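Single-structure report; data block below.
The values are calculated or read from the model by the stated rules, or taken from the named source; none is laboratory data. Note that the structure is predicted; figures quoted are calculated from it, not measured. Cβ atoms come from the backbone with ideal geometry, glycine included; neighbour counts cover every protein chain shown. Side chains are part of the model used for accessible areas, which takes the heavy atoms of the whole protein and leaves out ligands, DNA and RNA. Shrake-Rupley method; radii C 1.70, N 1.55, O 1.52, S 1.80 Å.
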Amino acid sequence: GTINTFLANNIANIGTLTFGPTAAGNTLIANINLNGKTLAGLSGGARGSGSGFVSGQQGGGTSIVTFANGTIYVTNLASSTGGRVMAGRNGPGIFIFTNCTLITGQIILANGTGAPFSKVVLAGPSSSWSNLTSTVIANAATFGCGLVVSNSASLTAMSTLSVGSAAGSYANFL
């Protein structure tokens, strides 16, 4: 199904925000206009191991999530990765960020073999992303995953950037 919504207020300390269809074979499309507001998630709480934002939670289903016009923080001071954005955990996941400012700890695309074609798109002249630790495209043996930075957007990776380094992965791109 499709969800269209917007933020009326800033939201802080929401914990994990996970997107996925209700069953395998289904597709979830979520369009979220941040409306100039801030959305802040704590990745994994005190244990520091979870992902703050996940698209592609349901195996066999596809999640396409668009955020526009605001600021997103995915952080966790208790974690060495600082907070994780994951596109494709158990199924394909796509995040599209248009005219957004993002500050995150880690970006992972395709964390499981069931997540081919997972993507993150950062677009728009007022889009910028500061990622504090690793940026990993195709963290598992999968294919067709990519990170796209377009239309004057910028991405700063403060640490490791890897594309398709998992054995058996191919056709992944930056």
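Miscellaneous remarks
- Of all residues in the stretch 143-165, those being assigned to a loop (DSSP other than H, G, I, E, B) and either farther than 17 Å from R84 by Cβ or modelled with pLDDT of 95 or more (or both) number 7.
- Candidate set from the stretch 16-51 (those that are polar (S, T, N, Q) and part of a loop (DSSP other than H, G, I, E, B)); member that is modelled with the lowest pLDDT: S49
- Filtered residue count, the stretch 135-174, keeping only those that are among the polar types (S, T, N, Q) and either surrounded by 18 or more Cβ atoms within 10 Å (Cβ to Cβ) or closer than 22 Å to G114 by Cβ (or both): 7
- Among the residues making up the stretch 114-130, a single one is in a strand (DSSP E or B), open to solvent by less than 10 Å² (accessible area, probe 1.4 Å) and over 24 Å from Y170 (Cα atoms): W129.
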